[in-house]
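Peer 1: Next up is a structure, given as structure tokens.
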Amino acid sequence: MSVINSFQNLIVKMLTNLAFILVALSLTVSASTASEVETDFLAQLQGNWSGTGRVLAGPDKGTSFKCSLSGTPSRTGVKIAMDGKCSIGRFSARMGASIKYSEGVQKYVGRFMGGAKGNGLDIYGDRNGDALKLRLTRGRTQGNMDLLLQRQDLMRVIISITDTERNRDIPVIAMDLNKTRNAAGLEH
């Protein structure tokens, strides 16, 4: 009887250890799969993008502008920087943002124009399919940046400011950016 009990205990221990190993492997696979999925999404943002936009609210409502941005991924692929400029007539201003997928919080985090510690805004948000819903914050200033990849070569960006008194978001800028191609028709 003691040999059978010892054998049963050994089997139970082996199965328990195997269960722990399988759970650990599944968590590792899930994390690496999540990271790979987010890396693949961010890879779609790399390259050169240009297009036009319009101011939707405020004293400059109706004003059109042009933007030209370049998306450069990090070596790890889970971070991308979008840098370039936007111009209205003869006036232009540098634009820049960097975002990365943080596995720790399973969110996108980053900075727009240097982040809240600089002259810009902090970024925090989620991805749903081909869309990023990013929260923009700087102290009491709150807003959203919605980025939608409508096709591999067309990105729509809408920036909203949060009206905290009425608890609603007011779209203030909308733009469509097209991925530009070189003379051979290949993406940069």
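The values are calculated or read from the model by the stated rules, or taken from the named source; none is laboratory data. Note that the structure is a prediction, hence the values are computed from the model and not measured. All Cβ positions, glycine included, derive from the backbone under ideal geometry; neighbour counts span all protein chains shown. SASA here: full protein model, heavy atoms, side chains in, ligands and nucleic acids out. Shrake-Rupley method; radii C 1.70, N 1.55, O 1.52, S 1.80 Å.
Peer 1: For the pair residue 117 and residue 54, what calculated FRET efficiency results from E = 1/(1 + (r/R0)^6), where r is the Cβ-Cβ distance and R0 = 35 Å, to the nearest 0.05?
Peer 2: Plugging the Cβ-Cβ distance into 1/(1 + (r/R0)^6) gives 0.70.
Peer 1: If you average the alpha carbon positions of the stretch 40-82 and of the stretch 117-168, how far apart do those two centres end up, in angstrom?
Peer 2: Going from one Cα centre to the other spans 12 Å.
Peer 1: Using 7 Å Cα-to-Cβ label points, what is the residue 102/residue 163 separation (nm, one decimal)?
Peer 2: Inter-label distance under the simple model: 3.1 nm.
Peer 1: Right, something else. Over the stretch 36-188, calculate the relative contact order: mean separation of alpha carbon pairs under 8 Å at least 6 apart, over the residue count, as a percent.
Peer 2: 19
Peer 1: Between Rg and the Kirkwood Rh of the stretch 40-188, both from Cα atoms, what is the Rg to Rh ratio?
Peer 2: Looking at the stretch 40-188, the ratio lands at 0.96.
Peer 1: Around residue 169, which amide H atoms from residues at least 5 apart in sequence, or from another chain, sit under 5 Å from its own amide H, with H modelled in the peptide plane?
Peer 2: Answer set, sorted by chain and number: 163.
Peer 1: May I ask you to list the trypsin sites (Lys or Arg not before Pro) in the stretch 113-188 that are in a DSSP loop and have at most 13 other Cβ atoms within 10 Å of their Cβ?
Peer 2: 117, 140, 166
Peer 1: May I pose another question? What spacing in nm lies between the two simple spin-label points modelled at residue 144 and residue 88, each 7 Å away from Cα in the Cβ direction?
Peer 2: 2.4
Peer 1: Leaving ligands and nucleic acids out of the surface, order 80, 170 by accessible area at 1.4 Å, largest first.
Peer 2: On the way: 80 5, 170 55 Å².
My answer, sorted largest first, is 170, 80.
Peer 1: Something else about it: For labels at residue 66 and residue 176 in the simple 7 Å Cα→Cβ model, what's the distance in nm?
Peer 2: Distance between the two pseudo-spin positions: 1.7 nm.
Peer 1: So which trypsin sites (Lys or Arg not before Pro) in the stretch 63-106 are both in a DSSP loop and have at most 10 other Cβ atoms within 10 Å of their Cβ?
Peer 2: Answer in residue order: 75, 90.
Peer 1: Here is a follow-up. What is the packing order of peptides 53-62, 35-44, taking the mean over residues of other C-beta atoms within 10 Å and listing the highest first?
Peer 2: Per-residue Cβ counts within 10 Å, averaged per peptide and sorted highest first, yield 35-44, 53-62.
Peer 1: With all protein chains present, calculate the accessible area of residue 105 using a 1.4 Å probe and round the result to the nearest 10 Å².
Peer 2: 80
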